[in-house]
Structure formats: structure tokens, C-alpha cells
Amino acid sequence: MPPTVRDLGIPIKGVSWARLHPGATADGRASLLTSMSQNNGGLFVCDINLETGHCAQFPVHDRVNSTFSTASFRSLLTGILYIASGWDGHLHRFDANHPERGLEDLGRIHDLPGDVAPLGIGESPDGTLWIGSYPGARLTKYDPTTGQFTHFGNKDDVDNYLYPLAGDDGSVAGIVKFGRPHLLIFDPRTGEHREAGPCVTDASDKTQFLKFFKGSDRRLYLDSHAGKFRVDGMNLAPVDELPPPLPGVHATYKHAYQAPLEMPGGWTAHFLDDNINGAGTPRNVLLTNRDPLVPSRRLHLDWIGGGSNLHLITVGPVGDLCGSSYMPNRLFRSSLGGAEISDLGEHTFAGGEAYSSAVLDGKLYLASYPESRLSVYDPAQPLQFGVGPADNPRDLGRLDAIGFRPNVLLTTPDGRLWMGSSPDYGLYGGPLAWFDPKSGAKKSHRVAVPDLSPASGLYLPALHQIFLGLSIEPGTGMPVKPERLHGAFALWDPVKDELVWTGDLGLDDLACVVSLAPAADGLVYALIGRGDHILTAGAPEIRPRLALIDPAKRAVVASAWLPEDFGPLSWHGYHSLRVGPGGVVYGATGYCVFRIQPGTCDVERVWQLDQPKKRAGTVWLTASSPNVIDVVGPIVGHQFYFATGWRLRALALPA
């Protein structure tokens, strides 16, 4: 009888990219809309009753692909709310004057294939919309009167992110991020562009900055480390003073409006919840009035969520399951059988997702994107999120200013935590840092190995060293450097706090070392592969494989490519090797769970989905399977835990 899979439940039902959109209806009434994103059910819009907080909820048409409202803007001319969705790249419209039309799908923004994440929307005085998108820093014009999109193509040969704005004088410009942030000015008739003004030459130098915005005079301005400027036609003109930002306009320097727009009657609206960047379960809105004699009012929103994708599953300090979800980054706890599942709320100010975890002294430590922030949860203490010594969970902050995606978190016998990360946007080479929870001491090494980032790690008791698997993963927004397409291994001495050795162990075509697991006799299994996020950055595809390594001898005992019908690594492949009963090591791809014959790299298929399909020349795709393995969790007893999207699941392993 084949192994059986059980659904344990949906731990988190939060939202991300939540935005309040104040405005007015055609008859002059105050109107407050909110847009929210979710994995299960897609993005939606709520028309909020300003007396009761009741949400009339309008789902997106395509509830499978239109999930993230990565760009949203309520027109200052018409009051219509426009939402551009990722990763399907569609434009949507909601008109509060005609709610019976629902959330209308206006079509795909680009005529090119592939995933698209719209980033910003600007509006010209005639109602024309200007949309910037990833990848390729693409610019598109949309005419609401005709419903036509005009594609102006890629605007940068290296960077991928474009955030446009339009001035009332007819000017159009946008900030390009993240490798070398700079300003582009566009000819609105032809889409031709030129770079203007200063740029950021070193993304790690935080004294360099560009802040591009639309001012209260409805012109476009650039504040920068090199001066203040106004966009004049196709040029930049220096100015002595900058006007305040115009309320109700998309901000290019944050994922929200520059300033809240005042509704009729003098009302403004703010979320009261401590949601990070619009991620969480924002339900409390404060209405305030410009007239200090008019009392403020609180609204409780009754929107209904469907489910948030999980991103990390581990065994907690008391033997149950713990983990976090993906935008919003919320902590959950579950009994092993799934009878009790609790959303424990926020555990960090990093609104993305937890990448790695470790248990130390009865507490669960989590490392999260963005900023590789460290947080700690003590299951023995009451819940009260914050940053103080008595708070639980508690955000402990960053260990350095470079780490962004913390793929590695482990402990050493001296009571320290070690974190390895890929770097911030626009940078190459990720740091290795340590933290002592008892003393608060910490130290970070800018890079463990130049141009590489820690992707996996394991403390080796016999050697008293840390064994690292390294990846070519750069900071988001950067292309992979063609001269460094191979990963590596490294040994680090935690006592001397220094690199002992690094190399490829003679393995040709060494991809990224994404997972490590201990084997008998001091040996280590390594899973080596290249996830979709690195393939789309330009690296060639390399089939996943296993290696059995003797770290003491710095030698490969055995290696073998995974069978092709196992499929590729699921997303990034991190933490895909797990130790099961009797010390036997198991592994997983997005389509298969396999068992490794001890002492060899021979594998036995334990559970297999339908054959995956391959998109020619690029990446693997599922055959729309409802069972794909998105997150590999721990093995407890004979139960292999994993997640499919928002569902927490368990596979019964054969004895």
C-alpha cells in the first residue's frame, strides 16, 4: 500500500500588501477601500462601511494566479481603484460608484511571456496610467478611455525594477532599482528615455540615496545625496527647497502612499494594527478628523481570509510543530496530529517570511527576510510581541547591515547562534554572523567566501567546526555574475572565528549546496541543485544530485545525480534533507520524497507525484498538482511533515 498523506489544517489566514485607499464617490460621500493579497483565493478589495466597519468583499476573477496586489493606486481624478497583480501581471479596476461590477480584470499588462510583478502606477492629468514592472524594468502606458495598453519595453539592461510617476506638467519619470539605483526620464509620446541626475554607486553605502516623489505642486522631484532636483521636461533642474509630497500618490520609496488622502468631511484613515508593510491580519482602522473637536472613531474590519502559504516548518522546543507563513510572516504552532493549530501572531518586524530556525535553551529562534532579522519565542511564556526583555515573541533585530535572506541558523556548544545569509538587494556575497543570547554580543563577517552566500550549515562535533554549503545566490535584483556559476563548501572554526578551508571537493558542475544532513561515522550528505530563483537570474540549469562527504578528509565518498523523474528541487531546495528513524536520511524535491541507502548515494522513491512537465529551456513546472511539496518540514517518528501552499500536511513513511 502506498504511503498516505493527511491534511492537518490551514495554520495562517493572513494577508499581505494590505493598503487603505481613501477617496470619494461621485455624489461626494467619503469612501474607504482596502486591497489585500492572499495565496488561497487571490487578492480582493473591500468597500468599508465607515459607520460599522463591515467589509463588502470583492474577489479577483482569477483566484489562482492573481494573488499579490504588488501595485495599487486610487485615481485622484475618478476615484477608481486600480490594482496590478503579480505574478500574472494583470491590471484590475474597482469603481466604488458601481460596486455591482465587482473587481474587473482589464487584461495582461505586458505582451511578453513569463512572470510579471508590477511595481508602481503613476497617473497623468488626462487619466493615463504609467505602470512599471519587473523584470526588465518595463514601462507600459494604459489608456482608461480605450482600454489599450502601449508597451515601451525594457528600460534597463541590468536592473529589473521600475517605479514610475507622472507630473501634471506632462512629465514622466521613474526610479530604477536595485543594483545601481538611478532616475530615468521618459518621453511620454515615444517611451524613449534618458538617465538624469545622480545614482547610487554602492548599495551598501546607506549615505547614498534617491527619494523620488510627486510634490504638492503636482510636479516631480528627486531628493538625493547629491542635491535636490525637479523634473523639467527631459531634464533635471536643481532646486533649493522641496515641496511636501502630494497625498494619495504612490510612493517610490515605500510600499504605500506618500501621505494619506483626506476624505470628504475632513476624515483620514490609518491601520492601527502592528502589521508589517501591510502584512498580517489588519482589522483595526482609526478614523481621525482635521477638526480637533470631532472625536476619532475605531472600526473593526470583518474581511475573511482563505489561507497564507507556509514557508518554514520545524520541531519546536517542546516537541510540537512550529513554523511561519509567507507574507505575512506569522508564527504558528501545531500538535503533531494537527488537532490543535494556533496562529501565534507576529514574531518579528521582518514582514516577509522566516527562512531558518534553531532551538536553544528551550526557546525557538527564527531568522527572517527581509534584513535577516532574528526573533525568539519561548513556549513557556505568555504571548506579547515586542522588543523588550519581557516580550514574547521578541524581535532581536539584525546581526549586520548586509544579510537579507537568512538561509542558515544553527547553534554551537558554547551557546551561540550562527546565521548565514544571502546579501541585501543589489549586492554579491552573503555574511556569516554569530550572536550570544546570554550576553547580547554579536559579530558578522561580511562574506564567508567572496561572491558566495551561505545556503546550508551543520555543526560537526567531531571536528568542532561548522560545515557550510555555499550558493551563488546574490541579493535580489542582481543578475548572476557569469564568472561565478559554481557553489562551494567551507569549514569554519567557531572558536577562532575564522575560515579554515573552502573548495569544491573536485565535484564538476557544482551547483548550490542547499541542504546538509548528518550521516553515520561523521559523514555528511549534501543535496546540490539550483532553484528557480537562480535559474531566472541567468544561471544555467544543473540537475540536482547527492554527495556523501567526509569533512575530516575533505573528500567525496560517493555522489550521484538524482533520477530525472524525481523532478528538480522545490523552489530553492533549502532544508530538503531530513534525518528519519534509525538515522536514515530522507530527501525531497517538489514532486518526490526519497530515502537514501545508508553509506551510499543510492536512493529509493518513497512517494511520487505525477510526472512534472518542463518549460523548454528554463525551469520545471508542476502538472497543476494539488500535492506539490512547497516546504519541506521535519520528520518526527514515521511522519514526514511538509506544506502544499497554505496546507500543513503529513506523509506516513513506511516502516
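Values quoted throughout were computed directly from the atomic coordinates according to the rules given, and no laboratory measurement underlies them. Since this is a predicted model, take the numbers as computed values, not measurements. Ideal geometry is used to build each Cβ from the backbone, glycine not excepted, and the neighbour counts take in all protein chains shown.
Quick look at the values:
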item	result
Net +/- balance of residues flanking Ser334 in space, Cβ distance below 9 Å, scoring K and R +1, D and E -1	-1
Cβ-isolated cysteines (cut-off 4.7 Å), the chain	Cys199, Cys322, Cys512, Cys592, Cys601
Per-selection Kirkwood Rh - the chain (Cα, Å, 1 d.p.)	26.0 Å
Range of Cα positions in the range 263-335 per principal axis (Å), largest first	55, 22, 20
Neighbour net charge for Lys438 - beta-carbon separation under 14 angstrom, K R +1, D E -1	0
For peptides 327-339, 287-299, 387-399, sequence by mean Cβ density within 10 Å, most packed first	327-339, 387-399, 287-299
Distance in nm between pseudo-label sites at Asp508 and His533 (7 Å out along the Cβ direction from Cα)	3.1 nm
Cα-Cα separations in the range 57-150 greater than 20 Å, expressed as whole percent	29 percent
Asp361 versus Glu192: modelled label distance in nm, points set 7 Å from Cα along the beta carbon direction	6.6 nm
Environment charge of Arg394, counting only residues whose C-beta is closer than 13 Å and scoring Lys/Arg +1, Asp/Glu -1	-2
Nitroxide proxy distance, nm - points 7 Å out along Cα→Cβ at Val584 and Leu76	6.6 nm
Proportion of all alpha-carbon pairs of the range 345-402 beyond 15 Å (%)	43 percent
Debye, to nearest 20: dipole size of the chain, +1 on Lys, Arg Cβ, -1 on Asp, Glu Cβ	540 debye
Reach of Lys228 by Cα under 30 Å, taken over lysines that are not fewer than 8 positions away in the same chain	Lys141, Lys155, Lys177, Lys206, Lys211, Lys214, Lys254
Sequence ranges 30-39, 552-561, ranked by mean other-Cβ count within 10 angstrom, highest first	30-39, 552-561
